[in-house]
1. Within segment 151-186, track down each residue that is assigned to a loop (DSSP other than H, G, I, E, B), of a type in the set (A, V, I, L, M, F, W, C) and either at pLDDT 90 or above or more than 15 Å from residue 134 (Cβ to Cβ) (or both).
2. Can you tell me how many residues in segment 140-151 are loosely packed, with under 14 Cβ neighbours inside 10 Å and not basic (Lys, Arg)?
3. Scanning for something among the hydrophobic types (A, V, I, L, M, F, W, C) and in contact with a Lys or Arg (Cβ under 9 Å, 6 or more places away or on another chain), does segment 56-68 turn up at least one residue?
4. Being modelled with pLDDT under 80 and open to solvent by less than 90 Å² (accessible area, probe 1.4 Å) narrows it down to one of 32, 47, 125, so name that one.
5. If I ask for residues that are outside any loop (DSSP other than H, G, I, E, B), surrounded by 10 or more Cβ atoms within 10 Å (Cβ to Cβ) and either of a type outside the set (D, E, K, R) or at positive phi (or both), which ones from segment 50-79 would you list?
6. Name the single residue that is farthest from residue 122 (Cα to Cα) among those in segment 152-171 being open to solvent by 50 Å² or more (accessible area, probe 1.4 Å) and touching a residue at least 40 places away in the same chain (Cβ under 8 Å).
Amino acid sequence: MKLINTLKGLHVSAASSKRITVLQHCFFSADVAAGDSKSKSYKYPAVYDPYGPRSAPSDKILQLADRIAALPMEELKQIGPTLLDRLKQPKPQPISSAGFNFGPQVGASSVQTEEKKAEKTAFDVKLEKFDAAAKIKVIKEVRTFTSLGLKEAKDLVEKVPVLLKQGVTKEEANDIIEKIKAAGGVAVME
């Protein structure tokens, strides 16, 4: 208020006076709210609309909305898909819940879990034991299906029982077991 009175008290030209009036209007809206009769008051909208002001719908749109609201429920359910087809819009895809853990499910999930266990695709081959006389043959055989050197293969075989190969197919695991058995060792598939 003091600033406004100071500005009013200054002797200024007509052009400067107009600028001061514009500044008063822009920066001192409290005077507008207080009822300053010279400036226009701003009317706030009743509801905030983030999309900006819109014109009122036409009578045709209002009639269409009334007709849609009067439809029975079965026909209301057909409006969405029909509009998608007519406007050539892609159909909405269902959102997959794959990868999300929703906790234990009640009912048939225990049967599905048993089926998943039966459909195991990756197996591990474990060396259980070997004959002391066939140790060199077993080491050579271990080197054929692993990328280990002689010393690493010897150390691995001496740590019996030990896991020889992980994540192999059933056929490959059976081949490894047969080769170990022919060399004088005992291997199992897990």
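1. Correct list: empty.
2. Count: 4.
3. The answer is no; no qualifying residue exists.
4. Checking each option against the conditions leaves just 32.
5. Those that are outside any loop (DSSP other than H, G, I, E, B), surrounded by 10 or more Cβ atoms within 10 Å (Cβ to Cβ) and either of a type outside the set (D, E, K, R) or at positive phi (or both): 61, 62, 63, 64, 65, 68, 76, 78, 79.
6. Checking each candidate, the answer is 165.
The values are calculated or read from the model by the stated rules, or taken from the named source; none is laboratory data. Since we're looking at a predicted model, the values are computed, not measured. Glycine also receives a Cβ, built like all others from the backbone with ideal geometry; neighbour counts cover every protein chain displayed. The accessibility values were calculated without ligands, DNA or RNA, using every heavy atom of the protein model including side chains. Shrake-Rupley method; radii C 1.70, N 1.55, O 1.52, S 1.80 Å.
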